Amino acid sequence: MLILSRVSKHYNNTFALASTDLQVPAGETLVLIGPSGCGKSTLLRLIVGLIQPNTGSITLEGTKLTPANLLQTRQRMGYVIQEGGIFPHLSVRDNVTVMARYLRRNCDWIANRLAELAQLVRLPHELMNRFPAELSGGQRQRVSLMRALMLDPELLLLDEPLGALDPMIRYELQQELKSIFVQLGKTVVMVTHDIAEAAFFGHTLALMRDGRIVQTGSFKDLAQTPAEPFVEQFINAQRVPMEQLTKALG
Amino acid sequence: MKTNQLTGTLLLVLLIASQVRLIHATEEPLTITVGSKSFTESVILGDMLVYLAQQAGIEANHQKQLGGTRVLWNALLGGEIDAYPEYTGTLLQETLVRENLQTEAQLRQALASRGLRMTRPLGFNNTYAIGMKEALAEQLKLRRISELRNHPGLVLGFGNEFMDRADGWPGLQQHYQLPHQNVRGLDHDLAYRGIESGTLQVTDLYVTDAEIAYYNLRALEDDLQYFPVYEAVILYRADLDQRAPEVVALFKRLAGRIDAPTMRKLNARVKLQGETEAAVAASFLEKNLKLDVNLRVKTSWQRFWRHTREHLLLVGISLGMAILVAIPLGILAARHARIGHIVLGIAGIVQTIPSLALFVFLIPLLGIGGPPAVVALFLYSLLPIIRNTHAGLRDIPPAIIESAQALGLPSHARLRIVELPLATRSILAGIKTSAVINVGTATLAALIGAGGYGQPILTGIRLDDIGLILQGAVPAAVLALLVQGVFELTERRLLPRGLR
């Protein structure tokens, strides 16, 4: 269980995130959604500790996150960002195993875990010696996911993980990613601006605007009982073009 | 912690630099060191002093053609050298001008109070004169310096020392009320070539210069008695009288033995007939003092190897230390923006100090020879490496840095595993820039007696010998390319495959 209690973040006098309460039950997927600059990435970066909140606290499975236990708690989280953030100078194998090797995990354990993850994300084993520049965008995101999962974290944080991919590969990876989440039963917090993707992944959606959460609930809740007009606008903005497409075909 | 490391490294640099000095001038009790200024006459006289010391059975080194009176004077005061040929006019009008000395007795007393002595005059007065091409002088009907006033359009070019010295151009201009605007400073030997090619019309001469006859120059009469007397003497440390009285006795035998025509002939044999200073000095001593001089001629290969060794030592130590100090400074600068501004600012300021000035600043602290040269080269090598390390680290995309942070890697591990490898290309580019600058600047180190490839270049400029200049310039260029090549190879080894 991930619990955020009255967490806020401001820069000078502008709020990046107003005081926010949020709970993600273990094994569930929460999707943060909203327009650019709404604070959804800020929220994710607060959880992983890349920035520190001005107020409030974040608790992961009973452990309160502090600057002092930052390095330990990060090992219990996996973090994937849009461009993957994989290290261009390291091979796929080294990218995935870098932290495990730093922690001096057993070599056999590392090799087994690598093979296991390669299978999970369906990356052929011969790719393990390649460098990031020799991979496609989709392959790079798979590597990034492997790296995030390497130490078997309790919490998986994904910041627009599929945002930079073309629609075909994106669709394919969405399917795989969902089946991976189901298989692993991890707690997941994912950021996206795509409502269809949010509905597809999320047990719960949190729609954000101007640094605060407007409404939390299932996609159905948001679509049927919008808390304010903005929720309806946001959903319609992406739904209407799809309906027009369907009509044109009909 | 970091400051401690820094001071530690700096101390190490100084320590190693002082080792170089020991290698360079072995300061055993029975060795003396002679200095000379960077013109032929001084080098010939310096070589004579070396042979005289050897006559007394004492090993003697010659720090040839050091860059200027101030360098020699400080080196003598500091005990870096034991003796050098000097001129009374220079002492009275320049070195000790503040004391306003009038007589020779006063001069001797002023020297004694500094632990120095001088021999009686050697026999020639090498005063300055103002000269121009005989044909041009005839055409303009110029015989006296005061007549220059009527020709304000002439281009004047003076040796750098003459240009700046109180008893040089500033005083001359005032004394004669000369109106000339087009006045430049350049190397004394190059001035003759300027006169010959016609880009200059008037220059300063040393009365004993061989070139006066060779280039067919007319020395204008000093009709308002501006130039003082420049009697040549040997200036030496008073303690030499105790350490090696027999050497001082031999030095004194030179007094009164060299008149102006003789000195002019000796200069001409080197500058015009291509004999070495050592050979000319030896034959003079054999003929005039009936000494049996053991002329040891070094082959050009021996000289080449010596210069190569000296140059490599200067470059190797200074660049190696610079790499060890500059990379941590660059990292520090990249991690703390405010410290970064300060570090880059200071390194930038150091870079703007002219190299010869920096060499000379360091002489009071470190003496002449290797140590100040190594420290100066070390300082010059810092900026490119610091700047490129800083830039290389700052240019890493934030997504990469944040990914490394999010993995839970602590700061030092991030640096080692992610940031430094990604900045490798930039850091090595900085090191290559430093290396090339270092090899080039090290040629100037010869001016303060540190040897290296600058030695043949200096001598070549002095003797107008292109071959000799090339003997220094070509190996220096080749060395710069080699050093760069070595780092290219290193780059191939060090650069992660994913970045190639």
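Nothing in this text is a laboratory measurement; each read-out follows from the coordinates by a stated rule. This one's a predicted model, so the numbers in the text were calculated from it and none came from an experiment. Counting neighbours? That spans all protein chains shown, and the Cβs are built from the backbone with ideal geometry, glycine included.
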Amide H proximity to B:LEU291 below 5 Å, modelled H, separation 5+ or other chain, gives B:GLU286
Note: B:93-101 gets an average of partner chain Cβ contacts (10 Å, Cβ to Cβ) equal to 0
Per-residue Cβ contact counts at 10 Å, fewest first, order B:ARG497, B:ARG237 as B:ARG497, B:ARG237
Once Lys and Arg are counted +1 and Asp and Glu -1 for all other residues with Cβ under 14 Å from that of B:GLN177, the total becomes 0
Expressed as a whole number, the average count of other chain Cβ atoms within 10 Å around the Cβ atoms of B:394-405 is 5
Output for region B:128-220 (equivalent-ellipsoid semi-axes, sqrt of 5λ from the C-alpha gyration tensor, Å, descending) is 17, 16, 12
Honestly region B:43-83 on the Cα gyration tensor test (a ≥ b ≥ c root eigenvalues; a/c under 1.5 rounded, otherwise a/b vs b/c for prolate or oblate) is just oblate
Links exceeding 21 Å between C-alpha atoms in this model, out of A:LYS9/A:LYS186; B:LYS265/B:LYS290; B:LYS64/B:LYS271, come to A:LYS9/A:LYS186
Sorted largest first, the Cα spans of region A:88-152 on the principal axes come out in Å as 30, 24, 19
Residues whose built amide H sits under 5 Å from the amide H of B:ILE130, excluding neighbours closer than 5 in sequence, are B:LEU205, B:LEU220
Hydrodynamic radius by Kirkwood for region B:429-480, inverse mean 1/r across distinct Cα pairs, in Å, is 11.0
For B:LYS432, counting only lysines whose alpha-carbon sits under 17 Å away and dropping same-chain residues fewer than eight positions off, the answer is none
Of the residues A:LEU135, A:LEU123, A:VAL98, the Cα lying farthest along the dipole of region A:88-152 towards its positive end, which is defined by charges on the beta carbon of Lys, Arg, Asp and Glu, belongs to A:VAL98
For A:HIS89, A:HIS203, ascending order of other Cβ atoms within 10 Å (fewest first) is A:HIS203, A:HIS89
Expressed as a whole number, the average count of other chain Cβ atoms within 10 Å around the Cβ atoms of A:86-96 is 5
Those trypsin sites (Lys or Arg not before Pro) from region B:278-360 that are DSSP loop and have at most 11 other Cβ neighbours within 10 Å turn out to be B:LYS290, B:ARG296
Shape descriptor, chain B: equivalent ellipsoid semi-axes (Cα gyration tensor, sqrt 5λ, whole Å, largest first) stand at 48, 27, 21
Counting only DSSP loop positions in region A:145-250, the trypsin sites (Lys or Arg not before Pro) whose Cβ has at most 14 other Cβ atoms within 10 Å are none
Partner aspartates and glutamates whose C-alpha sits under 12 Å from that of A:LYS220, ignoring same-chain residues fewer than 8 away, are A:GLU232
In whole angstrom, largest first, the equivalent ellipsoid semi-axes that the Cα gyration tensor gives for the protein assembly as shown are 80, 27, 23
Amide H neighbours of A:ALA16 at under 5 Å, excluding residues fewer than 5 places away on the same chain, with H built from the backbone geometry, are A:LYS9, A:HIS10, A:TYR11
Residue-ordered couplings for region B:237-245, obtained by feeding phi - 60° into the Karplus form 6.51 cos²θ - 1.76 cosθ + 1.60 and rounding to whole Hz (Gly and Pro as x), are 6, 4, 5, 5, 4, 8, 5, 8, x
Diffing region B:409-414: the Karplus 3J(HN,Hα) column from phi (6.51, -1.76, 1.60, θ = phi - 60°), in whole Hz with x for Gly and Pro, holds 6, x, 3, 5, 6, 4
Note to self: C-alpha centroids of region B:377-415 and region A:1-52 sit apart, in Å, by 29
By the C-alpha gyration tensor axes a ≥ b ≥ c (rounded if a/c is under 1.5, else prolate when a/b exceeds b/c, else oblate), the shape of chain A is oblate
The percentage of Cα-Cα pairs in region B:300-499 separated by more than 24 Å is 47
per DSSP, antiparallel bridges as share of beta bridges in region B:128-220, % nearest 5, sits at 55
Classified through the alpha carbon gyration tensor (a ≥ b ≥ c as square roots of its eigenvalues; rounded if a/c is under 1.5, else prolate when a/b is larger than b/c, else oblate), region B:213-307 comes out oblate
One finds the C-alpha centres of region B:87-132 and region A:164-241 to be spaced, in Å, by 93
Expected vector for region B:451-465, Karplus 3J(HN,Hα) from phi with 6.51, -1.76, 1.60 and θ = phi - 60°, integer Hz, x for Gly and Pro, equals x, x, 5, x, 4, x, 5, 4, 4, x, 5, 5, 9, 6, 10
The aspartates and glutamates whose Cα lies under 16 Å from the Cα of A:LYS40, excluding any fewer than 8 residues away in the same chain, are A:ASP21, A:ASP159, A:GLU160, A:ASP194, A:GLU197, A:ASP210
Inter-part gap, Cα centre of region B:242-316 to Cα centre of region B:155-186, in whole angstrom, is 32
Contact order relative to length for chain B, counting C-alpha pairs under 8 Å separated by 6 or more residues, stands in percent at 17
CD proxy, 222 nm, the protein assembly as shown: helix-only mean residue ellipticity via -39,500 (n - 2.57) per DSSP H run with n ≥ 4, per residue, nearest 500, stands at -16500 deg cm²/dmol
A correct fewest-to-most ranking of B:LYS141, B:LYS265 by other Cβ atoms within 10 Å would be B:LYS141, B:LYS265
